[in-house]
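The values are calculated or read from the model by the stated rules, or taken from the named source; none is laboratory data. None of these values were measured; they are calculated from a predicted model. We place every Cβ from the backbone using ideal geometry, glycine too, and count neighbours over all the protein chains shown.
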Amino acid sequence: MSTPIFPNYIDGAWVEGPTFENRNPADTSEVVGLHGKGSAEDIQRAADAAQSALPTWSAMSGPARGALLYKIADILDRKFEQISADMTREEGKTLPEAKGEVRRSINIFRYFAGEGSRMAGVMAPSERDRVHMFALRKPVGVVGLITPWNFPSAIPAWKLAPALICGNTVVMKPASAAPLSAWRIIEACHEAGVPKGVVNFVGGSGGTLGAAIVNAKPIKAISFTGSCEIGNWIHTEASKRHLRIQLEMGGKNPTIVLADADFGSAVENCVNATFFSTGQKCTATSRVIVEEGIYDKFVAAVVERTKKLKVGNGMQAGIDIGPCVDEGQMDTVLRYIEIGRKEAGEPLTGGHRLTGGDYDKGYFVEPTVFANVTEDMVIAREEIFGPVMAILKARDFQHAMQLANGSDFGLSASLQTTNLSRMFEYIYGIEAGLVTVNLPSAGVEYQLPFGGSKDSSFGPKEQGPAALEFYSDHKTVYIKY
Ligand code: NAD
Ligand code: MN
C-alpha cells in the first residue's frame with residue numbers, strides 16, 4: 001500500500017506540492033503519511049483567502065455558523081475510531097487516551113456550536129434619558145492558529161471552534177510531529193461545507209511559516225500553544241504589528257501531598273499526572289512535594305506503583321505509556337535524566353531508554369523517579385516534558401506552598417489533602433491558572449477557562465466562555481429614541 005498524502009488546504013482546495021514524513025514514534029519503520037510542506041507564499045495565499053472569505057462568513061448568523069460546527073462534530077464522530085487510531089500512530093499516546101482526546105474535540109465543536117445561538121454581548125441602563133445602549137460582539141478578523149503535537153486534535157479544536165463561531169476566518173499551522181489529527185478536523189470542515197477560504201491549513205517548518213504568519217498583513221490575531229521559547233519570540237514580533245495574541249506555554253507543575261491525604265489516591269494521582277501520555281501534557285505533574293511525616297512511605301509507594309506501569313506501543317491493549325513523540329524529545333528527556341543523576345543521585349526506578357525487541361523500533365523511555373530533589377536543582381526548575389518525576393520534601397504545608405510557588409511557571413497545580421482549611425489556603429495562595437484538589441494536575445474540561453499564570457501564559461484564557469474574549473471584540477452602541 002502506498003503512503004497516503006495529506007495535502008495543505010488553501011481557499012477551499014487541496015494543494016499539491018512538496019511533502020514531509022509523519023512517522024510513528026512507537027514504530028519508526030511506519031510512515032503514517034506524507035504531509036504538505038508549505039512555504040511562506042502558501043501562508044500569504046492562505047491569509048489572503050481568509051481575508052476574502054471574511055465578509056460573507058462574519059455576516060452569516062451565529063446559529064447558521066453553529067449548524068456547520070454541529071456538522072463538523074458529527075463527521076468527526078462518524079470517523080471516531082479511525083481518527084483515534086491515527087492519533088496513536090502519529091503521536092504515540094495510548095489508544096484509550098487518543099479516544100478520550102477525540103471525544104473531547106467532538107464535544108468542543110458541539111459546545112461552541114451552541115455558542116452561536118448565545119454570543120452574549122452586554123446591555124446596561126444609560127444615565128441619560130431615552131438612550132438605549134448595548135455592546136455586541138464582532139469578530140477580530142483573520143486569525144492565525146499555531147498548535148503543538150502533544151494534544152494534536154484537542155488544541156486545534158479548542159482554537160478553531162471558537163474562532164469560527166465568532167465569525168473569524170483562519171490560517172492554521174499544525175505541529176510537524178503530529179499533523180494528521182488536525183488535518184482530520186480540516187477535512188471535516190471541508191466535508192461539512194464550510195465556505196472556501198474560511199479555514200486554511202498549512203503544514204511545514206515552524207521556523208519558515210512562523211515568521212510568515214506573524215508578518216502576513218491580513219492576520220489580526222495569533223493564538224499559539226507550545227514552548228516558551230517560540231511563544232516569547234511570537235510575543236516580541238507580533239507586538240510590532242499590535243496583533244492580538246494568546247500564548248499557552250510551558251509548565252513545571254507541582255502536586256503537593258499532605259500527611260492527611262488519602263494515601264492510596266494520592267499515589268495514584270501523582271503517578272497518573274506524571275507519567276500518562278508519557279509526561280507530555282502541559283498540565284502534567286513534574287514536581288511532587290511531600291510532607292515530611294509521610295515522605296519515606298510515599299516515595300516507596302510511588303516507586304512500587306511506577307514499576308508496574310507497562311510501556312509499549314499504545315495500539316496494544318494493556319499499555320499504560322507510549323513512546324516520546326520523536327527522537328529529539330527522547331534525547332531531551334535522557335539528557336535531563338543525566339542531569340538528575342548528577343544532582344540527586346541514581347533514580348529509584350527507571351532512568352534509561354528501553355531497548356530490545358519491539359522497543360528498538362521506537363523512542364521509549366522508562367518512567368523515572370528521582371527522590372531527594374531540592375528546589376535549586378535543574379530537574380526541579382526546568383520543564384522536561386517526559387516521564388520524569390522529581391520528589392521534594394516539605395517540612396509542613398507552608399513550606400510546601402513556598403516550594404510549589406517557587407517557579408517562574410504557573411500552569412497547573414494539585415493538592416492532595418482531606419483538610420478543608422488547607423485546601424482553601426491553597427486555592428487562594430497557589431500561583432497557577434488551573435488548580436485541582438484530590439485529582440491529578442492534568443485532566444481539564446472544555447466548559448471552563450483554560451490557561452496558566454506567570455511565565456506559562458499570556459493573554460486571555462482559552463476554552464469555555466473565556467474563549468470569546470480572545471476571538472471577538474465588543475462594538476458599543478448608543479441610541480437616542
Ligand atoms: P514548539 O514551541 O516547538 O512548537 C509549537 C508550534 O510552534 C509548532 O507548530 C511549531 O512548528 C511552531 N513553531 C516553531 N517555530 C516557530 C516560529 N519561529 N514561529 C511560529 N511558530 C513556530 O512546542 P512543541 O514542542 O510542539 O510542544 C511542546 C511545548 O508545548 C511544551 O513546552 C508544552 O509545555 C507546551 N504546551 C503548552 C500547553 C498549554 O496549554 N500551556 C499545551 C500543550 C503544550
Ligand atoms: Mn509523528
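Key figures for this structure:
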{"quantity": "Qualifying residues in the stretch 187-213 (those that are crowded, with 24+ Cβ neighbours inside 10 Å and β-branched (Val, Ile, Thr)) - the one farthest from ligand 1 (Cβ to nearest atom)", "calculated": "Val198"}
{"quantity": "Of all residues making up the stretch 30-45, the number that are farther than 12 Å from Ser205 by Cα and outside any helix (DSSP H, G or I)", "calculated": "5"}
{"quantity": "Single residue of Thr3, Thr56 found to be within 26 Å of Gln329 (Cα to Cα) and among the β-branched types (Val, Ile, Thr)", "calculated": "Thr3"}
{"quantity": "Scan of the stretch 411-435 for residues that are within 15 Å of ligand 1 (Cβ to nearest atom) and crowded, with 22+ Cβ neighbours inside 10 Å, ordered by number", "calculated": "Leu411, Ser412, Ala413, Ala432, Leu434"}
{"quantity": "Any hit, the stretch 247-260, residues being free of Cβ contacts under 8 Å to residues at least 24 places away in the same chain, more than 30 Å from Ala216 (Cβ to Cβ) and basic (Lys, Arg)", "calculated": "no"}
{"quantity": "Test: Ala47 is closer than 26 Å to Ser277 by Cα, touching a residue at least 24 places away in the same chain (Cβ under 8 Å), in contact with a helix residue (DSSP H, G or I) (Cβ under 9 Å, 6 or more places away or on another chain) and crowded, with 17+ Cβ neighbours inside 10 Å", "calculated": "no"}
{"quantity": "Pair list, Cβ < 9 Å and 6+ apart or interchain, from the stretch 279-291 residues that are at pLDDT 95 or above to residues that are near ligand 1 (Cβ under 9 Å from one of its atoms) and in a helix (DSSP H, G or I)", "calculated": "Gln280/Gln329"}
{"quantity": "Filter result for Pro254 (buried (at least 17 other Cβ atoms within 10 Å of the Cβ), within 25 Å of Gly451 (Cβ to Cβ) and more than 10 Å from ligand 1 (Cβ to nearest atom))", "calculated": "yes"}
{"quantity": "Residue check, Ser61 away from ligand 1 (no atom under 16 Å from the Cβ) and free of Cβ contacts under 8 Å to residues at least 60 places away in the same chain", "calculated": "yes"}
{"quantity": "Selection within the stretch 144-162 - in contact with a Pro (Cβ under 8 Å, 6 or more places away or on another chain), in a loop (DSSP other than H, G, I, E, B) and either modelled with pLDDT under 95 or under 16 Å from Gly451 (Cα atoms) (or both)", "calculated": "Thr147"}
{"quantity": "Qualifying positions in the stretch 422-475 - among the charged types (D, E, K, R) and either under 16 Å from Ala163 (Cα atoms) or assigned to a helix (DSSP H, G or I) (or both)", "calculated": "Arg422, Glu425, Lys461, Glu462, Glu469, Asp473"}
{"quantity": "Criterion (within 16 Å of ligand 2 (Cβ to nearest atom) and among the polar types (S, T, N, Q)) met by exactly one of Gln246, Gln280", "calculated": "Gln280"}
{"quantity": "Qualifying helices (runs of 4 or more DSSP H) (wholly inside the stretch 48-134; at least 2 residues being within 16 Å of ligand 2 (Cβ to nearest atom) and at pLDDT 95 or above)", "calculated": "80-91, 95-115"}
{"quantity": "Tabulated pairs, the stretch 431-442, first under 13 Å from Val271 (Cα atoms), second aliphatic (A, V, I, L, M) and part of a loop (DSSP other than H, G, I, E, B), C-beta under 6 angstrom, 6+ apart or interchain", "calculated": "Ala442/Ala284"}
{"quantity": "Positions within the stretch 147-186 being farther than 26 Å from Thr278 by Cα and more than 15 Å from ligand 1 (Cβ to nearest atom), in sequence order", "calculated": "Ala161, Ala163, Leu164, Ile165, Cys166, Gly167, Asn168, Thr169"}
{"quantity": "Condition check for Gly350: under 22 Å from Ala300 (Cβ atoms) and more than 22 Å from the chain's Cα centre (by Cα)", "calculated": "yes"}
{"quantity": "Some residue of the stretch 349-364 being among the β-branched types (Val, Ile, Thr) and either modelled with pLDDT under 95 or in contact with a Lys or Arg (Cβ under 6 Å, 6 or more places away or on another chain) (or both)", "calculated": "yes"}
{"quantity": "Residue that is closer than 17 Å to Trp14 by Cβ, within 16 Å of ligand 2 (Cβ to nearest atom) and surrounded by 24 or more Cβ atoms within 10 Å (Cβ to Cβ), where the choices are Ala178, Ala182", "calculated": "Ala182"}
{"quantity": "Leading residue by the ranking (farthest from Arg118 (Cα to Cα)) among those in the stretch 137-155 that are within 15 Å of ligand 2 (Cβ to nearest atom) and not polar (S, T, N, Q)", "calculated": "Trp149"}
